[in-house]
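Undergrad: This structure is in C-alpha cells; I'll ask about it shortly.
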Amino acid sequence: MMVAQELLPLADTVWVVRDAPKERVASGIIVVPKDGSEGPCSGVVMGVGPECVWLKPGDRVAFRKYAGVSYSPDPSDPSVEWLLLDEEDDIHAIIP
C-alpha cells in the first residue's frame with residue numbers, strides 16, 4: 001500500500017484523505033453506507049504542492065462534493081479514499 005509521504009503533489013495541488021462516513025440511525029438500526037456514496041465533504045490534508053500558500057499537512061478542510069480526483073491507494077479497501085484537490089479551486093474552508 002502506498003503512503004502519503006510517497007506522493008509528490010505538484011504546483012498548488014493538495015492530497016486529502018476524506019473523512020470516514022458517519023453512521024446513521026434509522027428506527028433504532030445503525031445504517032452504514034458501504035458504497036461510500038454518502039461520504040462527507042471534509043478531510044485531512046496529507047501533503048501539499050510547493051506552490052500551496054494557505055495549507056499544510058494536518059489541516060482539516062471542507063470541499064465541494066464532486067471536487068478533485070479520487071484515488072484509492074488500496075483497491076481492495078474502498079473505505080479509504082484520497083483526493084487530489086486544487087488549493088484555489090476546490091478547497092473552500094479550513095476547519096478549526
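Please treat every number below as a calculation from the coordinates, not as lab data. Source: prediction; values computed, not measured. Backbone-built Cβ (ideal geometry, glycine too); neighbour counts: all protein chains shown.
Undergrad: So what's region 39-95 giving for Cα Rg divided by 2.2 N^0.38 Å, two decimals?
TA: 1.11
Undergrad: Oh, and also: Report ³J(HN,Hα) in whole Hz for each residue of region 44-50, in order, from the Karplus equation J = 6.51 cos²θ - 1.76 cosθ + 1.60 where θ = phi - 60°; Gly and Pro get x.
TA: Each residue's phi maps through the Karplus curve to give 10, 6, 9, x, 10, x, x Hz.
Undergrad: Please give the net charge around Asp90, taking every other residue with its beta carbon less than 13 angstrom from that of Asp90, where Lys and Arg add +1 and Asp and Glu add -1.
TA: -2
Undergrad: Report the gain in length on full extension from Arg60 to Ala20: 0.36 nm times residue separation, minus Cα-Cα distance, nm rounded to one decimal.
TA: Taking 0.36 nm per residue and subtracting the Cα distance, the gain is 13.1 nm.
Undergrad: On to the next question. Hey, quick one: spin label on Leu8, modelled 7 Å out along Cα-Cβ, who in region 39-57 has an amide N within reach, i.e. under 16 Å?
TA: 47-52
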